[in-house]
Amino acid sequence: MENVAVIPARFASTRLPGKPLLSDTGKPLIQHVVEAAKRARSLQRVIVATDDERIADAVRGFGGEVAMTRADHATGTDRVAEVAAAIPTAAIIVNVQGDEPEIDGSSIDRLIALLRDDPEAPMATLATPIRDEAVYRDPSCVKVVASKRGRALYFSRSPIPFHRDAAPDFADPAAPAAFLHLGLYAYRRDFLLRVGDLPRSPLESAEKLEQLRVLEAGLPIALGIVDEPSIGIDTPEDYRRFVERHRRAHPA
């Protein structure tokens, strides 16, 4: 049985069109993501899932594996599930975001280990301590609270947990006030193939967070804590900063 990373990649992007093919570093962005994922020791395959021939050609050009998918998927998870359906030898599928070129391979390994160590959990995800109150208050930053067993209790765009008696202390490294959810998921293949059949839940509709569908159905999500989040590329400014970091790390 295999552990497989699937990277959904679309050409269209409201804020950064053609994002996977941006190549100011000398490589398309999608190649950076593939190379970063391949640093995970627990993976046997890394596959780019796309409905765009331009992206597929770029992936084939650097020797990567690509799977062509339908164009009508509502979410990246649906696109990943289509690929997973064609891999009966897969045990665990990791959904790696196509705009995170600096993802740490050890984070992927951590996700796979979470499912290995918690056989009752059908999926796993990661979080990182929040060190900035602005992140804690920002509704675009998803927060998560966890049980002592290492499972997610709830995800929210609101500040959770709410500190009733005093303002939270974000400077204490030994006792994080809150945790930021990271958009990296691992699924057992059989669960991924049927997660889309779960009914859309009221909490999911309210928060606009797909993972709440799983919790509201009474299914556990294993949660791991990592020290540093990977940095996603959403805007031209994000990409410019990534290019600058890459050039500093790899001087000509």
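The values are calculated or read from the model by the stated rules, or taken from the named source; none is laboratory data. Nothing here was measured: the structure is a model prediction, and the numbers come from that model. All Cβ positions, even for glycine, are placed from backbone atoms using ideal geometry, and neighbour counts span all protein chains on display. These accessible areas exclude ligands, DNA and RNA; they are computed on the full protein's heavy atoms, side chains included. Shrake-Rupley method; radii C 1.70, N 1.55, O 1.52, S 1.80 Å.
Residue pairs whose Cβ atoms lie under 8 Å apart, sitting 6 or more positions apart in sequence or on different chains, and linking a residue in the stretch 42-65 that is assigned to a helix (DSSP H, G or I) and modelled with pLDDT of 95 or more to a partner that is of a type in the set (S, T, N, Q) and surrounded by 18 or more Cβ atoms within 10 Å (Cβ to Cβ), are ALA56/THR50; ALA58/GLN31; VAL59/GLN31; VAL59/THR50. Here the condition is being surrounded by fewer than 22 Cβ atoms within 10 Å (Cβ to Cβ) and more than 28 Å from PHE11 (Cα to Cα); of ARG151, ARG157, it holds for ARG151 alone.
Can you confirm whether ARG188 is of a type in the set (Lys, Arg), more than 27 Å from ILE92 (Cα to Cα) and surrounded by 11 or more Cβ atoms within 10 Å (Cβ to Cβ)? When the stated conditions are applied, ARG188 does not pass them.
Reported count of residues in the stretch 202-237, each being buried (at least 16 other Cβ atoms within 10 Å of the Cβ) and within 30 Å of ASP24 (Cα to Cα), is 5.
Within the stretch 56-76, the set of residues being surrounded by fewer than 18 Cβ atoms within 10 Å (Cβ to Cβ) and not hydrophobic (A, V, I, L, M, F, W, C) comprises ASP57, ARG60, GLY61, GLY63, GLU65, ARG70, ASP72, THR75. Hey, does the stretch 136-146 have a residue that's open to solvent by 50 Å² or more (accessible area, probe 1.4 Å), closer than 24 Å to ILE221 by Cβ, small (Gly, Ala, Ser) and in a loop (DSSP other than H, G, I, E, B)? Yes, the conditions are met somewhere in the stretch 136-146. When residues in the stretch 111-135 are screened for being open to solvent by 10 Å² or more (accessible area, probe 1.4 Å), of a type in the set (Val, Ile, Thr) and within 21 Å of VAL96 (Cα to Cα), 1 of them pass.
Just one residue in the set THR75, THR14 is polar (S, T, N, Q) and without any contact (Cβ under 8 Å) to a residue 60 or more places away in the chain; that residue is THR14. So, of the residues in the stretch 84-110 that are in contact with a strand residue (DSSP E or B) (Cβ under 6 Å, 6 or more places away or on another chain), open to solvent by less than 10 Å² (accessible area, probe 1.4 Å) and outside any loop (DSSP other than H, G, I, E, B), which turns out to be farthest from ASP234 (Cα to Cα)? Here the answer is ALA90. Of the residues making up the stretch 123-134, those that are closer than 13 Å to ASP169 by Cα and either of a type in the set (Lys, Arg) or under 18 Å from the mean Cα position of the chain (by Cα) (or both) are PRO129, ILE130, ARG131. Considering only residues in the stretch 66-78 that are part of a loop (DSSP other than H, G, I, E, B) and within 20 Å of PHE191 (Cα to Cα), the one that is modelled with the highest pLDDT turns out to be THR69. Taken across the stretch 180-192, residues that are under 22 Å from GLY105 (Cβ atoms) and assigned to a loop (DSSP other than H, G, I, E, B) do not occur at all. In the stretch 159-177, the count of residues that are assigned to a strand (DSSP E or B), over 16 Å from SER42 (Cβ atoms) and among the small types (Gly, Ala, Ser) is zero.
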